[in-house]
Amino acid sequence: MLRTDGCLGLVATKTITQGDTREGGLQYIVASGGIIYSAKKRLKWSGEAAVTVSVVHIAKGSVCAQPMLDGKHVAAISCYLVEGTMNSSPAHLSETLYFSRDRRSTGRVSYLMITTRMQTRRP
């Protein structure tokens with residue numbers, strides 16, 4: 001909904017970088033052409049409220065300034081509000097463990113190799 005060369009700022013709870021909140025918020029915005037050009041990951045809210053917030057500035061189109069994260073210049077800011085460009089969600093491990101039949105022993109210690117299958121999340 002942001003026009004090209006537009007920008008916005010938002011104040012959100014610190015959970016903006018977690019799970020469904022990130023996927024439906026910052027991750028979606030970045031996937032739609034938004035660029036996070038400034039962010040403070042954790043900022044204690046002033047006053048008596050015991051709240052920690054995140055402050056995020058986003059632009060669509062070209063950004064003239066170098067991205068700044070927590071007061072430091074960085075190459076890029078991801079939707080996790082860390083330096084970098086990793087914006088996709090990690091692969092999910094299946095809930096079922098797959099045990100191999102390959103039992104190995106070294107001396108008196110035996111172990112069973114355990115593997116899991118990775119599943120990629122599909123939108």
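Derivation of every value follows stated rules applied to the coordinates shown; laboratory data play no part. Please read these numbers as outputs of a predicted model, since none were measured by experiment. Neighbour counts run over all protein chains shown; Cβ positions are idealised from the backbone, glycine included.
Kindly indicate whether Val63 is out of contact with any Cys (no Cβ under 8 Å at 6 or more places or on another chain), among the β-branched types (Val, Ile, Thr) and buried (at least 16 other Cβ atoms within 10 Å of the Cβ). First the steps, then the outcome.
Values: out of contact with any Cys (no Cβ under 8 Å at 6 or more places or on another chain): yes; among the β-branched types (Val, Ile, Thr): yes; buried (at least 16 other Cβ atoms within 10 Å of the Cβ): yes.
Against the criterion (out of contact with any Cys (no Cβ under 8 Å at 6 or more places or on another chain), among the β-branched types (Val, Ile, Thr) and buried (at least 16 other Cβ atoms within 10 Å of the Cβ)), Val63 qualifies.
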Near pairs, Cβ below 7 angstrom, 6+ apart or cross-chain, from the stretch 1-13 (polar (S, T, N, Q)) to any residue that is assigned to a strand (DSSP E or B): Thr4/Lys60; Thr13/Val53
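Can you pull out the residues in the stretch 8-32 that are assigned to a loop (DSSP other than H, G, I, E, B), under 15 Å from the mean Cα position of the chain (by Cα) and loosely packed, with under 15 Cβ neighbours inside 10 Å? Outline the logic, then answer.
Kept after step one, since they are assigned to a loop (DSSP other than H, G, I, E, B), are these residues of the stretch 8-32: 18, 25, 32.
Within this subset, residues satisfying the condition of being under 15 Å from the mean Cα position of the chain (by Cα) are 18, 25.
Gln18 - this is the single residue of the stretch 8-32 that is assigned to a loop (DSSP other than H, G, I, E, B), under 15 Å from the mean Cα position of the chain (by Cα) and loosely packed, with under 15 Cβ neighbours inside 10 Å.
Are any residues in the stretch 33-50 free of Cβ contacts under 8 Å to residues at least 12 places away in the same chain and either outside any strand (DSSP E or B) or surrounded by 11 or more Cβ atoms within 10 Å (Cβ to Cβ) (or both), and if so, which ones?
Residues satisfying the conditions are Trp45, Ser46, Gly47, Glu48, Ala49, Ala50.
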Does the stretch 39-50 contain at least one residue that is more than 12 Å from the chain's Cα centre (by Cα) and hydroxyl-bearing (Ser, Thr, Tyr)? yes
